[in-house]
Ligand code: UD2
């Protein structure tokens, strides 16, 4: 009798434990992850390349990777097709990364996936000298279109704190102002962006963000710039060169004396430095790389032809971005878009270079 009671107890306990673990599993599967825990994933990864032979080896972050693209059951959206899609443009690179255009993703699906992930996104912008005048348009339009529904902190580096406008931000979004010194040359401002970003990621941003975007302030958002732009490393095709069929026509740094040197006959695309983003730690390495490479150049009395943009292009040639964003992700009011640009998500403003820059000129 005693033996029988024990067996029954064991059986009941086993069934109970089975149900309990099932319930815990289901709960964990469905909760929204409030923070990403990506930093530890990168702790032991290699520092950025400074030699072209080396490659960046970043460990895959399990919280934001493909395995974590969870979508809620019952979401309503048109069935995706394997046969119908954009045919007027290429939507995949030759290293098999997505090349993102309007019509290559469904915002309903993307938003559900990323809002559940709930990442914290840092945006670094410089507004030095007269460039504070662009902050209002940038921030107000950003609140309408940039990663709506996600947590965003705009880190504004400025030498003129009192000129930072008071803009109403949505829930979960904020502005952090960081003082930087004024500069005499615009070239020094654009290069110092890399220095201030490196220092501030180390001191502060690392604890506050999962993704980081570097952006130029003299631009206005016009349409959705959503979570489809997020990846480990996303680079934007420069609107001026994306139709080039001869890579030797890209304005890469061609002087071997510069650290940004790319030899003739090499190159994939020409990327803009006005918008780029990715996982915080990957961005940290790249920002630091641009900073250190330009410092090396300075020691050798050379400045890359397009400053940080030249170093960025060298890096992306040998360390391919995980996503390439079409020029929809940075157009310019200087140019009329062709029929391949179905919508402009953000556009650089026309400006009087001579008037707005401390040392004038282009
Ligand atoms: C191009 C690139 C830019 C950068 C620059 C460097 C595009 C669309 N833009 O922009 O990313 O590579 O060339 O050669 O490809 N800034 C200030 N104060 C200044 C000067 C600059 O705050 O006095 C900041 C500001 O955030 C501005 C950014 O630096 O948006 C870039 O400077 P720019 O807009 O004068 O450079 P631009 O238009 O030639």
- Only residues that are out of contact with any helix residue (DSSP H, G or I) (no Cβ under 8 Å at 6 or more places or on another chain) and not in a strand (DSSP E or B): list them for the range 140-165, please. 140, 141, 142, 143, 144, 145, 148, 161, 162
- Message: Take the residues in the range 342-355 that are in contact with a strand residue (DSSP E or B) (Cβ under 7 Å, 6 or more places away or on another chain) and assigned to a loop (DSSP other than H, G, I, E, B); name whichever of them is farthest from residue 243 (Cα to Cα).
- Response: 349
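Results for (1) surrounded by 18 or more Cβ atoms within 10 Å (Cβ to Cβ); (2) in a loop (DSSP other than H, G, I, E, B); (3) within 16 Å of the ligand (Cβ to nearest atom); (4) touching a residue at least 24 places away in the same chain (Cβ under 8 Å), shown as yes or no for each residue.
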position: 105; (1), (2), (3), (4): no, yes, no, yes
position: 108; (1), (2), (3), (4): no, no, no, yes
position: 111; (1), (2), (3), (4): yes, no, no, yes
position: 123; (1), (2), (3), (4): yes, no, yes, yes
position: 130; (1), (2), (3), (4): no, no, yes, yes
position: 134; (1), (2), (3), (4): yes, no, yes, yes
position: 137; (1), (2), (3), (4): no, no, yes, yes
- Query: What's the number of the condition residue 360 fails, among (1) surrounded by fewer than 23 Cβ atoms within 10 Å (Cβ to Cβ); (2) farther than 27 Å from residue 295 by Cβ?
  - Reply: (2)
- Message: Cβ-Cβ distance below 8 Å, separation of 6 or more or different chains: which pairs start in the range 166-181 with a residue that is within 10 Å of residue 139 (Cα to Cα) and end on one that is assigned to a strand (DSSP E or B)?
- Response: 167/175; 169/175; 175/153; 175/154; 175/156
- Message: Taking the criterion of being in contact (Cβ under 8 Å) with a residue 40 or more places away in the chain, part of a loop (DSSP other than H, G, I, E, B) and either within 16 Å of the ligand (Cβ to nearest atom) or under 14 Å from the mean Cα position of the chain (by Cα) (or both), would at least one residue in the range 275-292 satisfy it?
- Response: no
- Only one of these is part of a loop (DSSP other than H, G, I, E, B) and either out of contact with any strand residue (DSSP E or B) (no Cβ under 7 Å at 6 or more places or on another chain) or farther than 23 Å from residue 242 by Cα (or both): 304, 264. Name it. 264
- Looking only at strands (runs of 3 or more DSSP E) that fall completely inside the range 173-255, which ones have 2 or more residues that are more than 13 Å from the ligand (Cβ to nearest atom) and surrounded by 16 or more Cβ atoms within 10 Å (Cβ to Cβ)? 173-179, 211-215, 233-237
- Message: If residue 197 meets every condition in (1) more than 23 Å from the chain's Cα centre (by Cα); (2) touching a residue at least 60 places away in the same chain (Cβ under 8 Å) apart from one, which number is that one?
- Response: (1)
- Task: Run down 130, 144, 193 and say which single residue is on the phi < 0 side of the Ramachandran plot and out of contact with any strand residue (DSSP E or B) (no Cβ under 9 Å at 6 or more places or on another chain).
- Result: 130
- Where residues in the range 306-362 are near the ligand (Cβ under 9 Å from one of its atoms) and more than 21 Å from the chain's Cα centre (by Cα), which of them is modelled with the lowest pLDDT? 362
- Do you know which residues across the range 256-270 are surrounded by 12 or more Cβ atoms within 10 Å (Cβ to Cβ) and under 22 Å from residue 298 (Cβ atoms)? 258, 259, 260, 261, 262
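The values are calculated or read from the model by the stated rules, or taken from the named source; none is laboratory data. Since the model is a prediction, treat every value here as computed from it, not as a measurement. Positions of Cβ are generated from backbone atoms using ideal geometry, with glycine treated the same way; all protein chains shown enter the neighbour counts.
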